[in-house]
C-alpha cells in the first residue's frame, strides 16, 4: 500500500469543512511595501467550521475516529486556559455524544470568556489544574483516566494540541490539500509559514510534503519559549519519522530541514507582544481577517519581520497558514 493509501485507510471522521480556501493578501502586501514581490497568501484554516474553526479540527477527525473505534465513552485532553484545541474537542465531543473532560492550565476564572464559553455550552467538564500544571503531560489527567478505567469506563486521552502521530495525520492530509490547490491555482508556493506550539501541525506538514511532493520550505514560528531550539528541531524530526513510519513511507526528514523561528515569543506563551498586536490590526484593517494574540498574531509578526529582513526573494510566493484562535480576542 502506498503512503497515501495508508493515510486513506486510517479511521477518520468528517468534522471539518474542507478544503479551506487560499487567498492572496494584496492589500497587506501593499501596506508592507511588497509591490515588487514577494507575494503573500493565506490559507484559512480558521474556517474549518468545527466549533468556530481552527486547525485542531483536522487533527480531531483522526483522533476521535480512533476514540470511536476503541469504543471510548469519555475523552480527556489538556491545554492552556484559553486552549483552542480544548474548545474544538468539547464541540466535537458534544456532536458525537462523548463525555469530554478538559484539564486546563490555570485557576478557574471568576467568569468564562473566549474559548471557555463554547466549551461550557457543549457540556464539557472542567478541571483547572493551577498555573503550575504541566500541560504537555498533565498528571491530573493521567490519574483521572486511571480512575475511570478502574470504574470500568473507557477513556480516550488526547495530548495537548492532539500532537501525536494520530492527530498529526490531519496535517499530512492538509499537505495533500495544499498540493491540489497549487495545481488548481497553477502555481507553487516557495514557503509555508505557520504558528507552532505543540508541533503537530509542523510535523504533519513536513511528513505530508514528503509524501505528496510539496516543494515549499516549511517554517514554524514558535509561540512559546523554546529553551533549546536544536533539541526542539530534533524532536520535530523524530516526530516526522514516526508519522512516516506509520504510513509506510520510506526515508526520513533531516534535522536541518526542520525550520523553526524562536525570536518572536516575547515574554512567553499567551503573553501578547506589541508586534503581534500590530500584526492582528494589520490583517484586520487590510484584509478583514482576524488573527489572535497567542498564536497567529505572533506567527504573522515573525513572517512580517522576515519579509522586512529580505528573507524571501522577490519572485517567492509565501503561504501563511491561519490556524485559527481568533475567538480568544474576546477573552
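How much length would be gained if the chain were fully extended between residue 1 and residue 242, taking 0.36 nm per residue of separation minus their Cα-Cα distance, in nm to one decimal?
Additional length available on full extension: 85.0 nm.
I need 214, 32 ordered by Cβ neighbour count within 10 Å, fewest first.
By the 10 Å Cβ count, ascending, the order reads 32, 214.
Let's test the formula: R0 of 25 Å, r as the Cβ-Cβ distance of residue 128 and residue 17. What FRET efficiency results, to the nearest 0.05?
Taking R0 as 25 Å, the efficiency between residue 128 and residue 17 is 0.20.
Between residue 231 and residue 308, what is the spin-label point distance in nm, taking each point 7 Å from the Cα along the Cα→C-beta axis?
Distance between label points: 3.2 nm.
For the chain, find the longest principal axis of its Cα atoms and tell me its angle to the long axis of helix 296-308, 0 to 90°, nearest 10.
20
Label-point separation (nm) for residue 32 and residue 315, each offset 7 Å from Cα along Cα-to-Cβ?
That separation, rounded to one decimal, is 2.0 nm.
Just how far, in whole angstrom, is region 164-226 from region 281-331 if you go by their alpha carbon centroids?
16
Return the calculated 222 nm mean residue ellipticity for the chain, to the nearest 500 deg cm²/dmol, obtained by summing -39500 (n - 2.57) across DSSP H runs with n ≥ 4 and dividing by the residue count.
The helix-only estimate for the chain comes to -13000 deg cm²/dmol at 222 nm.
Quick one: helix 84-96 against the long Cα principal axis of the chain, what's the angle to the nearest 10°, folded into 0 to 90?
50
Could you give the spread of the C-alpha atoms of region 1-57 along their three principal axes, from largest to smallest, in whole angstroms?
The Cα atoms of region 1-57 stretch 46, 31, 13 Å along the principal axes, largest first.
Can you give me the distance in nm between label points at residue 215 and residue 256, each placed 7 Å from the Cα along the Cα-to-Cβ direction?
Result: 2.1 nm between the two label points.
Determine, at each q value in 0.17, 0.20 (inverse angstroms), the log₁₀ of I(q)/I(0) that the Debye formula gives when each Cα of region 168-327 is one equal point scatterer.
-1.03, -1.35
Counting alpha carbon pairs within less than 8 Å and at least 6 residues apart, what relative contact order, in whole percent, applies to region 56-162?
Answer for region 56-162 is 37 percent.
Just from the alpha-carbon atoms, what are the Rg and Dmax of region 84-149 in angstroms?
Rg and Dmax of region 84-149, Cα atoms, are 11.8, 32 Å.
Relative contact order for the chain: what percent, with Cα pairs under 8 Å and sequence separation of 6 or more?
22
Counting DSSP beta bridges with both partners in region 56-162, what percentage is antiparallel, nearest 5?
Just about 5 percent of them are antiparallel.
Within 10 Å of each residue's Cβ, count the other Cβ atoms and sort 141, 1 from fewest upward.
Neighbour counts put them in this order, fewest first: 1, 141.
How high is the FRET efficiency from residue 113 to residue 151, r the C-beta distance, R0 30 Å, rounded to 0.05?
Taking R0 as 30 Å, the efficiency between residue 113 and residue 151 is 0.35.
When a footprinting reagent is the concern and you count Cβ atoms within 10 Å, what order do 154, 111 take, fewest first?
Least to most surrounded, the residues fall as 111, 154.
Coordinate-derived values only; no laboratory data. Quantities reported herein were computed from a predicted structural model and do not represent experimental measurements. Here the Cβ is made from the backbone with ideal geometry for all residues, glycine too, and neighbour counts use every protein chain on show.
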